[in-house]
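Participant: Got a structure for you, questions after.
Each reported figure results from applying straightforward, stated rules to the coordinates on display, with no laboratory input. Note that the structure is predicted; figures quoted are calculated from it, not measured. Cβ sites come from the backbone with ideal geometry, for glycine too, and all protein chains shown count toward neighbours.
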Amino acid sequence: MTEQNSYPSDIMDKLVSLCKRRGFIYQGSEIYGGLAGTWDYGPFGVELKNNIKQVWWQMFVQRRDDMHGVDAAIIMNPKVWESSGHVSGFSDPLVECKKCKRRFRADQVGEKCPECEGQFGPMHQFNMMFKTHVGAMEDESSVSYLRPETAGGIFVNFKNVVDSLHPKLPFGIAQIGKAFRNEIAPRDFVFRSREFEQMEIEYFVRPEEWEESFEEWRKEMHSFIETVGIRKDRTYELEVSDEDRAFYSKRTIDFEFDFPFGRKELYGLAYRTDYDLSAHMKGSGQNLAMADKEGEPAIVPHVIEPSLGVDRTILAVLSSAYTEDELGGEARVYLKLAPRIAPVKAAVFPLMKNKPELVAKARDIYAALKKEIPQIMWDDNGNVGKRYRRQDEIGTPFCITVDFDTLEDDTVTIRHRDSGEQERIAAGDLEKFLLKNIK
Ligand code: ATP
C-alpha cells in the first residue's frame with residue numbers, strides 16, 4: 001500500500017468498535033458468548049446491506065434486458081452438490097495438533113502448532129459444507145447440505161427460466177442470498193465467516209463469445225466497485241494462474257482489495273466453460289441444451305460467473321469510508337459513505353428539544369421528508385455537536401437543523417458531512433435537494 005492510501009493506526013479495532021457502538025454489526029449470539037464465524041447486522045448495518053444489494057440488483061438485473069433474477073431454496077437436493085463436485089471436492093486441508101488437539105487450515109500454519117509448538121498429525125481434507133437432515137429420519141438417506149454458494153440454485157433453474165422466458169443467448173440469471181461454509185478458521189471480522197451472503201450471476205454465452213463477455217463483466221465489476229464507494233486505489237486484479245485455477249476454468253480473475261489485514265480476495269470473475277450445466281445434465285438426466293440459432297442443433301451454453309460477497313463488500317466499503325480528520329480544531333471520525341448506500345440519508349434535528357414550537361416544526365419537516373425518502377432519521381439526543389458526531393460516525397451525508405429562524409422564514413440549515421460546511425435552504429426545497437444529492 002502506498003503512503004496516501006494507508007489506513008489510520010489500529011483501524012480494524014476502531015472499525016469493529018464503531019460498528020458495534022453505532023449499530024452496524026454485532027457478534028452473532030453475543031449474549032451467549034458468541035458463535036465463531038457468525039455476525040449479526042444491526043439497525044444501520046441492515047440498511048447499508050440492503051442498499052448495497054439494491055444497487056447490485058438494479059444495476060445488473062432490473063436495468064438490463066438480458067438478466068433474470070431467481071431466489072432459490074437454500075436447502076437443495078443433495079444430488080445438486082454431488083453433480084457440482086462439492087461433495088467430493090469442496091474442502092480445505094486440515095491438520096490437527098497431536099498435543100493440544102487444536103485444528104488448523106494446513107495452508108495457514110507452518111510446521112508446528114502455533115498454540116503449543118506441538119507436532120501436527122497427517123493432513124486431511126475437510127469438507128466445508130454444513131450437513132443437515134431433511135425430514136423425520138436422521139440417517140444417511142436424509143442428509144442434505146446448506147448451500148455453500150448461491151450459484152447452484154441458478155444452474156438448477158436454468159431450464160425453468162429458459163422454458164418460462166425463452167431468452168436468447170447471451171443472457172444471465174442472478175441471485176442474491178445466504179451461503180454457508182464451515183470455514184476451519186473464520187477470521188478478520190466479516191471477511192471470512194461461516195454464514196454470509198453472495199450476489200452471483202451466471203451469464204450464459206455461446207462458446208465463441210466468452211472472451212468478449214468476460215471483458216464486459218470485468219468492466220461491470222469495476223463499475224460496481226466504484227458505485228458503492230470502494231476505493232479504486234486499493235483494488236487490484238489478480239490473474240489466477242493455470243496451477244491455481246479450478247480445472248474447468250479457462251480464465252479467472254480475483255478482484256483483490258487492500259483490507260486493513262492485507263491484500264485479499266474481494267470478488268471473483270471466472271469463465272467456467274460448460275462445466276456446470278454439463279455436470280447437472282449428467283447428474284439429473286435432464287437435457288439442459290437450448291435452441292440458439294434457427295436450423296442449428298441445440299447447444300449447452302458456456303458461462304461467465306461474476307461472484308461477489310455482500311459481507312466483503314461491506315467491509316471494503318467501511319474500510320474505504322472510515323476517515324479521521326480535524327474539524328473546527330477537534331478530531332473527528334466519519335464514514336465517507338457514498339450517499340446512495342448510506343444507511344441514513346439525512347437526520348433532522350430541532351435546535352433545542354425543550355422548545356415545543358421548534359420540535360413541532362422539525363417534526364413536520366421530518367414527517368414530510370420521510371414519506372418520500374424513508375431513510376431519514378429523527379435525532380434530538382444531546383446537543384447539536386454530539387448529534388453531528390453521531391451522524392458522522394453513521395455516515396449520514398446531511399444534517400438538517402430547525403432553529404428559530406425557521407419559524408420566521410421557513411429556512412433550515414443543512415450541514416454537509418465531509419466538509420462540515422453549512423448552508424441555509426428553504427424547507428420547501430429540501431426534498432428536491434436530497435433527491436438530487438443521494439442518487
Ligand atoms: P477464499 O479463497 O477467500 O476462501 P473463495 O475463492 O473460496 O474465497 P468463492 O468460492 O469464489 O470464494 O466465493 C465467491 C465470493 O464469496 C468471494 O469472492 C467472497 O466475496 C465471498 N466469500 C467466500 N467465502 C466467504 C466467507 N467465508 N465469508 C465471507 N465471504 C465469503
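Participant: In the structure shown, do any of Lys14/Lys353; Lys232/Lys386; Lys49/Lys232 have a Cα-Cα gap over 25 Å, and if so which?
Facilitator: Over 25 Å Cα-Cα: Lys14/Lys353; Lys232/Lys386.
Participant: Which value, in debye to the nearest 20, describes the size of the charge dipole of the stretch 1-133 about its Cα centre when Lys and Arg Cβ atoms bear +1, Asp and Glu Cβ atoms bear -1, and nothing else is charged?
Facilitator: Using Cβ point charges on Lys, Arg, Asp and Glu, the stretch 1-133 gives about 300 debye.
Participant: Using a simple spin-label model with points 7 Å from Cα along the Cα→Cβ vector, what separation in nm is obtained for Asn381 and Arg21?
Facilitator: Result: 1.3 nm between the two label points.
Participant: Sorted from fewest to most neighbouring beta carbons within 10 Å, what does the list Phe257, Phe120 look like?
Facilitator: Ranking Phe257, Phe120 by Cβ neighbours within 10 Å, fewest first, gives Phe120, Phe257.
Participant: Shifting gears a bit: Could you list the GluC sites (Glu not before Pro) in the stretch 187-275 that lie in coil according to DSSP, counting only those with at most 13 other Cβ atoms within 10 Å of their Cβ?
Facilitator: Glu243
Participant: What residues have an amide H closer than 5 Å to that of Arg231, excluding those fewer than 5 places away on the same chain, when H is modeled at 1.01 Å from N in the peptide plane?
Facilitator: Close amide H contacts, sequence-distant or interchain: Ser320.
Participant: In Å and from the alpha-carbon atoms only, list the Rg and Dmax of the stretch 1-132.
Facilitator: 20.9, 59
Participant: So which lysines can Lys282 reach, going by Cα to Cα under 30 Å and dropping same-chain residues fewer than 8 places off?
Facilitator: The qualifying lysines are Lys79, Lys131, Lys159, Lys168, Lys178, Lys250, Lys293.
Participant: Right, something else. Calculate one ³J(HN,Hα) per residue across the stretch 180-195 by plugging θ = phi - 60° into the Karplus curve 6.51 cos²θ - 1.76 cosθ + 1.60, and present them in order as whole Hz with x for glycine and proline.
Facilitator: These are the phi-based 3J(HN,Hα) values: 10, 9, 7, 4, 5, 10, x, 6, 6, 6, 7, 4, 10, 10, 8, 10 Hz.
Participant: Let me ask something additional. May I ask for the net charge around Ile230, where only other residues with Cβ less than 11 Å from the Cβ of Ile230 are counted and Lys, Arg are +1 while Asp, Glu are -1?
Facilitator: Residues near Ile230 contribute +1 overall.
Participant: Follow-up. Using the 10 angstrom Cβ neighbour count as an exposure proxy, how do Lys101, Lys355 rank, fewest first?
Facilitator: Lys101, Lys355
Participant: Rounded to the nearest angstrom and ordered from largest down, what semi-axes does the equivalent ellipsoid of the stretch 134-205 get from its C-alpha gyration tensor (root of 5λ)?
Facilitator: Semi-axes from the Cα gyration tensor: 28, 21, 8 Å.
Participant: Still on this structure, please answer the following. If I take R0 = 35 Å and measure r between the Cβ atoms of Thr132 and Phe247 in this structure, what FRET efficiency does the formula 1/(1 + (r/R0)^6) give, to the nearest 0.05?
Facilitator: Once the sixth-power term is evaluated, E becomes 0.75.
Participant: If you average the alpha carbon positions of the stretch 366-439 and of the stretch 55-101, how far apart do those two centres end up, in angstrom?
Facilitator: Comparing the Cα centres of the stretch 366-439 and the stretch 55-101, I get a distance of 42 Å.
Participant: Quantify how much of the Cα-Cα distance distribution of the stretch 344-437 extends past 19 Å, in percent. Working shown, then result.
Facilitator: Details: 1345 of 4371 pairs.
Here the tail beyond 19 Å accounts for 31 percent of pairs.
Participant: Suppose R0 equals 60 Å. What FRET efficiency, 1/(1 + (r/R0)^6) with r the Cβ-Cβ distance, do Ile425 and Glu111 give to the nearest 0.05?
Facilitator: Working: r = 66 Å, r/R0 = 1.10.
For Ile425 and Glu111, the calculated efficiency is 0.35.
Participant: Would you tally the net charge around Cys97, using a Cβ to Cβ cut-off of less than 11 Å, leaving Cys97 out, and scoring K and R as +1, D and E as -1?
Facilitator: Counting the neighbours of Cys97, the net charge comes to +3.
Participant: Can you pull the percent of Cα pairs in the chain with separation above 34 Å?
Facilitator: Details: 41459 of 96141 pairs.
Across the chain, Cα pairs with separations above 34 Å total 43 percent.
Participant: What FRET efficiency, computed as 1/(1 + (r/R0)^6) with R0 = 30 Å and r the Cβ-Cβ distance, is obtained for Lys282 and Asp163, rounded to the nearest 0.05? The partial results should precede the final answer.
Facilitator: Values: r = 20 Å, r/R0 = 0.66.
E between Lys282 and Asp163, to the nearest 0.05, is 0.90.
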